[in-house]
Amino acid sequence: KVCGCITACHPVPRNTGQHNNYTGGYRFKMKRITSYFLAEALVTKEAKTSSEEIKTSTTASETFVDECSDNDWPSCWTVEQKTDFCSKNEWLWFKEKKLGCTVCRNVGSLGVEAKMGMKISTQWSNGEITCYGEDRKKQLTSLRKKIFDHKESAGHQAALKIKKEAEKETLDNAVLKCLKRDKLITAKVFRTAYKVAKANQSFNNFEMEVDLQELNGVDMGCILHSTNACINIVNHISIEMRKNMVKEIVCSESKISLMIDESTTLSQKSTLIVYIRSCVQEGMGMTEPVNLFLDLVELESVTAKGVFDALLGCLKFHGITEEYLKDYLVSLTCDGASVMLGCKRGVKRLLIDKFPSVIVWHCANHRLELSVADTVKVISGINRFKSFLDKLYVLYHASPKNSRELHSCAEILEVELLKIGRVLSTRWVSSSFRSVFAVWNIYEALVKHFEECTYEGLKKKITSTEFILDLGLMCDALQELSELSLDLQERNMDLYKANQKITALVQVFEERRQNAGTYYKRATTAAENLSFHGVVLHKKNSPNDPPIDPNAFYKTLKESIEKRLLANEDAELAQWAHILDQKQWPENVTNHQITFGEMEIRKLSNRLQLNEREMIRGFREYLMEKTYPETLLPLIRAIHTIPISSSECERGFSQMNLIITSTRASLMTKTVSSLLFIRLVGPPLTFFDPSKYVDSWLLRGRHSAVDSQSRKRKRDDLSDENMRRLWKLL
């Protein structure tokens with residue numbers, strides 16, 4: 001029996017007059033929550049929970065008192081033995097001289113064991129445990145052994161854990177119901193802080209945003225209005241979002257790939273950016289993976305070991321363990337730095353030693369840039385062309401006066417002025433094409449400006465037929481390379497598509513040796529007529545500065561691309577993956593050979609750690625139905641999960657540079673990471689629901705926005721009487 005106290009008391013004997021003021025298994029340890037809210041929460045729970053919930057959350061002692069009569073325990077026990085066993089095992093209950101377990105009974109009746117993959121003893125949950133033996137000594141021994149075995153069993157321990165978590169969750173929900181007003185007001189503050197982060201505003205703007213909403217009549221509470229509060233809220237939201245994202249990936253057992261890159265911030269900190277590529281919602285039939293920013297990690301050491309340890313530490317912190325990586329990590333994509341791809345001590349070697357099945361992929365865009373750089377080293381005429389365009393870049397980039405004069409010349413000639421940048425530098429090849437194309441389009445304005453400013457040397461160079469031929473040749477080649485580079489940077493580019501586009505470009509360069517491109521044909525015509533865009537040309541006929549030989553140029557470029565992008569051992573994956581393209585199948589393949597493509601499917605399955613037999617059966621069904629069956633989708637997803645390029649990391653660094661400006665260079669790396677995640681992955685402001693983040697904030701004992709006992713934000717000093725008079729006037 002229990003006493004009639006309205007507070008949650010422990011069960012006590014009748015007429016003792018002793019009230020235990022503990023909360024009976026619901027002791028609440030949250031900071032800054034008063035006892036008034038706790039008592040109200042418990043009363044609310046007792047008033048609103050159903051009879052089944054009360055039965056589940058009732059203590060073992062209450063169950064024993066309610067259900068056991070004086071003669072229900074086993075006959076071989078004395079009263080002292082019964083009391084001793086019950087004090088040591090509070091979950092015991094008796095029924096018709098048989099033993100049972102209240103915890104297993106309550107958890108089993110809720111059907112939790114099926115959800116958790118746990119097996120609960122039906123004999124213990126139904127109260128069917130009896131003793132055996134001829135004499136009383138053997139009967140006591142048998143019961144003692146059964147009680148001990150059940151107490152240590154995995155099913156009973158799991159049931160205890162589930163019961164404890166259920167009680168805590170019930171209490172958390174009850175407390176949050178009491179704090180309904182606190183949640184509503186705190187949610188407004190959270191939404192404001194999220195808006196500041198999403199719009200990449202300074203944290204100092206947060207205080208002004210709060211003041212604005214208060215002036216508009218919105219109740220924003222009395223605290224959580226400072227810059228530091230905004231930083232803490234943004235970090236909390238980001239951590240919770242990443243926790244939910246990684247939990248979804250891990251629970252769905254999705255294959256993942258990693259993209260990493262290293263860079264230095266404006267504050268001279270070496271950082272590692274980490275992206276995950278995965279199909280987040282496989283259960284909804286999504287086959288296209290997405291690139292998700294995970295974290296920005298500050299590197300203590302820029303060696304391969306330092307980068308490798310930082311990467312594993314980051315993944316472990318977010319809930320991706322090494323055991324999960326062994327089964328589900330497909331590939332790692334990075335640039336070609338020696339610290340990343342070193343054969344002996346690079347990150348590649350350390351990763352393969354720990355996870356032998358992983359594919360370490362060298363970024364295709366970086367390989368393309370290396371192919372162009374190899375061609376520049378071989379063809380000497382390219383360096384002279386590059387040197388001249390670099391002079392043009394310096395001439396107009398370093399001098400605003402020259403830039404204004406060129407703009408005036410372009411306006412006179414009614415020519416659209418395009419910006420001239422560096423060519424074949426550290427920027428990707430698409431940037432080089434824009435610069436060369438700009439010179440082609442504003443050629444007439446450049447010549448006019450050189451004439452007006454008496455730049456005779458530059459005019460002589462730019463009006464030579466050799467330069468026009470080189471300009472046309474570079475426009476043709478860089479246009480093709482630029483389009484391929486942009487294609488490889490697409491987020492949905494997969495292995496097979498990339499291999500097809502690279503192979504096609506190699507074929508184009510082979511044919512360009514015999515069939516010139518559009519720009520080179522126009523340049524050849526201009527050289528023959530000694531006129532280009534209305535400008536008179538001249539021939540230098542200098543043996544030291546001949547035009548670039550198109551045949552040698554395209555041959556070298558073709559061979560370099562084949563060596564860098566098509567001759568690698570990872571290119572085998574693309575050759576195996578072509579079997580999934582129906583266009584590559586022979587006609588009436590299902591009528592002639594049902595085992596068509598089995599070798600490729602077998603190799604792909606083994607390389608990507610998939611069930612070989614299931615994939616083969618799925619591919620046979622694909623051959624007959626011409627649509628992807630459900631059993632083949634894991635293979636499709638795994639292939640699409642391999643990132644071809646690390647351009648996503650470059651986009652992340654671009655966002656980082658927008659966040660870390662000269663006035664925000666002191667931001668901590670953790671805060672920058674939170675801002676990056678919200679900017680890159682977080683939902684738009686109209687889709688953002690702050691309620692669950694407010695709940696987790698309050699349940700961790702943090703202040704709500706209406707906490708009147710905390711220190712309020714210090715407002716701006718408005719004591720200057722002269723300014724106050726002026727403000728009243730204004």
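Would you pick out the residues in the stretch 606-659 that are free of Cβ contacts under 8 Å to residues at least 40 places away in the same chain, out of contact with any Leu (no Cβ under 9 Å at 6 or more places or on another chain) and in a loop (DSSP other than H, G, I, E, B)?
Of everything in the stretch 606-659, those that are free of Cβ contacts under 8 Å to residues at least 40 places away in the same chain, out of contact with any Leu (no Cβ under 9 Å at 6 or more places or on another chain) and in a loop (DSSP other than H, G, I, E, B) turn out to be Asn611, Thr627, Pro629.
Considering the stretch 313-343 alone, what residues qualify as being of a type in the set (A, V, I, L, M), within 15 Å of the chain's Cα centre (by Cα) and closer than 23 Å to Ser270 by Cβ?
Leu315, Ile320, Leu332
Please verify whether Asn216 is at pLDDT 90 or above and over 30 Å from Ile636 (Cβ atoms), treating the condition exactly as stated.
yes
Take the stretch 632-687 and flag every residue that is open to solvent by 30 Å² or more (accessible area, probe 1.4 Å), within 14 Å of the chain's Cα centre (by Cα) and of a type in the set (A, V, I, L, M, F, W, C).
Hits for the stretch 632-687 are Leu680, Val681.
If the requirement is being at pLDDT 90 or above, closer than 25 Å to Ser430 by Cβ, surrounded by 13 or more Cβ atoms within 10 Å (Cβ to Cβ) and of a type in the set (S, T, N, Q), which of these qualifies: Gln479, Gln507?
Answer to the selection: Gln479.
Can we say Cys334 is touching a helix residue (DSSP H, G or I) at 6+ places or on another chain (Cβ under 8 Å) and open to solvent by 10 Å² or more (accessible area, probe 1.4 Å)?
Taking the combined requirement at face value, the residue does not satisfy it.
Would you pick out the residues in the stretch 272-320 that are within 12 Å of Met245 (Cα to Cα), surrounded by 15 or more Cβ atoms within 10 Å (Cβ to Cβ) and modelled with pLDDT under 90?
Correct list: Cys279, Val280.
Please work out if Val360 is touching a residue at least 12 places away in the same chain (Cβ under 8 Å) and in a helix (DSSP H, G or I).
No: the conditions fail for Val360.
Among the candidates Asp261, Asp327, single out the residue that is open to solvent by less than 30 Å² (accessible area, probe 1.4 Å), at negative phi and acidic (Asp, Glu).
Only one candidate qualifies: Asp261.
Conditions tested, residue by residue: (1) of a type in the set (Lys, Arg); (2) assigned to a helix (DSSP H, G or I).
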| site | (1), (2) |
| --- | --- |
| Ile276 | no, no |
| Ser301 | no, no |
| Lys305 | yes, yes |
| Leu311 | no, yes |
| Gly319 | no, no |
| Asp327 | no, yes |
| Gly336 | no, no |
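Limited to the stretch 527-557, what total is found for residues that are open to solvent by less than 70 Å² (accessible area, probe 1.4 Å) and within 15 Å of Val376 (Cβ to Cβ)?
Counting residues in the stretch 527-557 that are open to solvent by less than 70 Å² (accessible area, probe 1.4 Å) and within 15 Å of Val376 (Cβ to Cβ) gives 6.
Just checking, which of Gln609, Gln593 is on the phi > 0 side of the Ramachandran plot and open to solvent by 30 Å² or more (accessible area, probe 1.4 Å)?
Only one candidate qualifies: Gln609.
Return a yes/no flag: does the stretch 374-392 have any residue that is over 29 Å from Arg491 (Cβ atoms), part of a helix (DSSP H, G or I), of a type in the set (Asp, Glu) and under 40 Å from the mean Cα position of the chain (by Cα).
yes
Between a residue in the stretch 677-702 that is farther than 22 Å from Asp295 by Cβ and any residue that is surrounded by fewer than 11 Cβ atoms within 10 Å (Cβ to Cβ), which pairs come within a Cβ distance under 8 Å, given they are 6 or more apart or on different chains?
Filtered contacts from the stretch 677-702: Gly701/Lys31.
May I ask you to list the residues in the stretch 149-182 that are modelled with pLDDT of 65 or more, open to solvent by 40 Å² or more (accessible area, probe 1.4 Å) and farther than 20 Å from Thr102 by Cβ?
Asn173, Lys180, Arg181
Here is a check on your reading of the model: is Arg564 closer than 30 Å to Ile359 by Cα, part of a loop (DSSP other than H, G, I, E, B), touching a residue at least 60 places away in the same chain (Cβ under 8 Å) and open to solvent by 40 Å² or more (accessible area, probe 1.4 Å)?
Criteria not met by Arg564.
Residues being part of a helix (DSSP H, G or I) and closer than 23 Å to Asp581 by Cα: count how many of those fall in the stretch 487-528.
Residues in the stretch 487-528 being part of a helix (DSSP H, G or I) and closer than 23 Å to Asp581 by Cα: 16 in total.
Every residue, every condition in (1) without any contact (Cβ under 8 Å) to a residue 60 or more places away in the chain; (2) small (Gly, Ala, Ser), yes or no:
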site: Ala477; (1), (2): no, yes
site: Ala504; (1), (2): yes, yes
site: Asn515; (1), (2): yes, no
site: Val536; (1), (2): no, no
site: Lys540; (1), (2): no, no
site: Asn544; (1), (2): yes, no
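Of the conditions (1) among the hydroxyl-bearing types (Ser, Thr, Tyr); (2) at pLDDT 90 or above; (3) closer than 24 Å to Ser647 by Cβ, Tyr324 satisfies every one except a single condition; which number is it?
Among (1) among the hydroxyl-bearing types (Ser, Thr, Tyr); (2) at pLDDT 90 or above; (3) closer than 24 Å to Ser647 by Cβ, Tyr324 violates only (3).
Name every residue in the stretch 490-502 that is in contact (Cβ under 8 Å) with a residue 40 or more places away in the chain, surrounded by fewer than 20 Cβ atoms within 10 Å (Cβ to Cβ) and among the polar types (S, T, N, Q), in order of residue number.
Passing the criteria: only Asn492.
So, in the stretch 660-691, of the ones that are in a loop (DSSP other than H, G, I, E, B) and of a type in the set (Val, Ile, Thr), which residue ends up farthest from Arg277 (Cα to Cα)?
So, considering only residues that are in a loop (DSSP other than H, G, I, E, B) and of a type in the set (Val, Ile, Thr), the one farthest from Arg277 (Cα to Cα) is Thr661.
Let me spell it out: the conditions are (1) within 25 Å of Glu253 (Cα to Cα); (2) open to solvent by 80 Å² or more (accessible area, probe 1.4 Å); (3) under 29 Å from the mean Cα position of the chain (by Cα), and Glu572 meets all of them except one. Which number is the exception?
It fails just one condition, (1).
Just give me the residues in the stretch 130-148 being without any contact (Cβ under 8 Å) to a residue 24 or more places away in the chain, surrounded by 13 or more Cβ atoms within 10 Å (Cβ to Cβ) and within 18 Å of Gly100 (Cβ to Cβ), in sequence order.
Matches in the stretch 130-148: Ser142, Arg144.
Which number in (1) open to solvent by less than 50 Å² (accessible area, probe 1.4 Å); (2) farther than 30 Å from Leu294 by Cα; (3) in contact with a Ser or Thr (Cβ under 8 Å, 6 or more places away or on another chain) marks the one condition that Glu614 misses?
(1)
Checking the structure you have, find out if any residue of the stretch 237-245 is under 19 Å from Glu323 (Cα atoms) and in a strand (DSSP E or B).
The answer is no, given that none of the residues of the stretch 237-245 is under 19 Å from Glu323 (Cα atoms) and in a strand (DSSP E or B).
Here are Ser371, Ser399, Ser403, Ser408: which of them is in contact with a helix residue (DSSP H, G or I) (Cβ under 8 Å, 6 or more places away or on another chain), among the hydroxyl-bearing types (Ser, Thr, Tyr) and farther than 30 Å from Asn499 by Cβ?
That would be Ser403, the only listed residue that is in contact with a helix residue (DSSP H, G or I) (Cβ under 8 Å, 6 or more places away or on another chain), among the hydroxyl-bearing types (Ser, Thr, Tyr) and farther than 30 Å from Asn499 by Cβ.
The values are calculated or read from the model by the stated rules, or taken from the named source; none is laboratory data. Remember, predicted model here, so these are calculated numbers, not experimental data. Quick reminder, even Gly has a Cβ in these numbers, built from the backbone with ideal geometry, and neighbours come from all protein chains shown. Note: accessible area is taken over every heavy atom of the protein model, side chains too, but ligands, DNA and RNA are not part of it. Shrake-Rupley method; radii C 1.70, N 1.55, O 1.52, S 1.80 Å.
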